[in-house]
1. Once you charge only the Cβ atoms, +1 for Lys and Arg and -1 for Asp and Glu, what is the size of the charge dipole of the chain about its Cα centre, to the nearest 20 debye?
2. In nm, give the distance between the simple-model label positions of residue 54 and residue 69, each being 7 Å from the Cα along the Cα-to-Cβ direction.
3. Can you give the alpha-carbon Rg of region 41-105 over 2.2 N^0.38 Å, where N counts its residues?
4. For a test of the definition: using alpha carbon positions, the gyration tensor, and the 1.5 limit on a/c, classify region 199-296 as rounded, prolate or oblate.
5. Please state, to two decimals, what the Cα-based radius of gyration of region 98-200 comes to when divided by 2.2 N^0.38 Å (N = residues).
6. Taking only DSSP H segments of four or more residues, each worth -39500 (n - 2.57), what value at 222 nm results for the chain once the sum is divided by all its residues, to the nearest 500 deg cm²/dmol?
7. Compute the whole-percent fraction of alpha carbon pairs in region 121-263 spaced more than 28 Å apart.
8. Taking 7 Å along the Cα-to-C-beta vector as the label spot, tell me the residue 137-residue 288 distance in nanometres, rounded to one decimal.
Amino acid sequence: MTVLLILTILILTGIALWQITKIFELSQLGQKKDNSQIATEKDNDLNGKLMFAFLVFIYAVTIYSFWTYSKVLLPESASAHGPAYDTLLWISFAVILFAQTITQAVLHIFAYQYRGINNRKAYFFTHDNKLEFIWTIIPAIIFFMLIIYGMITWGKIMNFEEDDDALVVELYAQQWNWKARYGGEDNVLGDANVRFLNDFDGKNSVGIDSSDPNGMDDFVVTQEFHLPVNRKVIFKLRSQDVLHSAYMPHFRAQMNCVPGMITEFSFTPTITTDEMRMNSDVVDKVNRINKIRYENSKILTANGEEALEPYQFDYLLLCAKICGASHYNMQMKIVVESEKDYEKWVAKQQIFSEVIQ
Ligand SMILES: [Cu+2]
């Protein structure tokens with residue numbers, strides 16, 4: 001309803017503006033006016049200056065955006081491969097920023113410098129092979145280097161080996177929540193398939209195959225999942241219904257979850273949740289959020305409603321594929337902790353053979 005109202009207002013405003021222009025044109029009828037379609041000296045001068053002003057405008061917006069929004073970027077990466085990924089990102093940013101600064105400056109300064117002036121004649125210049133060669137080969141070499149660098153980084157991140165020490169965790173996506181399954185004592189996930197979802201009166205929430213003995217000690221968690229710090233984790237990703245994407249931004253990790261197949265990603269968490277909460281960028285961000293929450297709570301309590309709880313930083317698993325109505329809220333908390341705390345948490349979980357009894 002609100003959208004319809006806004007649209008109506010916009011359309012009506014448009015019509016009103018159009019009518020006002022027509023009235024203005026009519027009121028000018030009696031006066032002497034240059035109706036020629038050929039640009040005058042004044043037009044050329046104005047357009048040249050506007051081109052230059054636009055250059056100043058885009059640089060001002062760029063600097064303002066860096067200044068204002070760099071604080072909402074992610075904090076330092078919490079995984080072993082993260083720094084390599086971040087370096088790749090920043091180098092790409094730097095190359096793009098450098099190229100865009102030069103090309104935009106040249107484009108707009110030339111438009112201003114060589115704006116139309118009466119009696120000035122344009123220099124007739126068809127082409128120059130040397131120039132063409134230079135501005136083709138330089139971007140080609142830079143792109144080639146960026147792509148090779150990106151592929152090497154990607155290869156290093158993705159070519160993980162299945163070693164025995166790595167913890168295996170399955171992330172199970174469905175509209176619209178996440179579940180995580182652990183292999184239990186043997187660290188081996190039992191076979192699973194959506195066909196088994198209805199077994200055991202719906203208690204088999206990720207479809208574990210009860211005929212596979214490996215699955216009996218598996219356990220499934222729904223609210224949050226825990227990872228021991230400095231131990232490699234291999235994620236096996238599954239989806240029950242549509243395409244989802246497991247996105248763990250603080251660990252610089254993202255991989256699609258595709259129905260009917262198992263995709264994989266691996267990383268080693270290097271910073272515990274408690275340590276990350278002490279990170280100065282995170283502390284600043286939490287303070288900023290809580291200031292907003294505090295102001296909003298004042299309004300809420302004035303209206304007799306409950307105040308908002310203060311925000312506390314947590315690692316998150318999010319969905320990065322638009323997968324339906326509640327996609328925006330498809331998330332799960334991740335806790336990174338010491339091996340000892342992790343073992344304590346594992347001991348509290350109920351394994352599959354207990355669940356189905
Ligand atoms: Cu999703």
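1. 2420
2. A separation of 2.1 nm, rounded to one decimal place.
3. Numbers: Rg = 17.7 Å, N = 65, 2.2 N^0.38 = 10.7 Å.
Region 41-105 yields a ratio of 1.64.
4. Details: a/c = 2.19, a/b = 1.91, b/c = 1.14.
Judged from the Cα gyration tensor, region 199-296 comes out prolate (a/c at least 1.5, a/b above b/c).
5. Here the answer is 2.29, to two decimals.
6. -15500 deg cm²/dmol
7. 39
8. Going from the residue 137 label point to the residue 288 one covers 4.5 nm.
Values quoted throughout were computed directly from the atomic coordinates according to the rules given, and no laboratory measurement underlies them. Treat the numbers as computed from the prediction; the structure is a model and nothing was measured. Note that we place each Cβ from the backbone using ideal geometry, even for glycine, and neighbour counts take in every protein chain shown.
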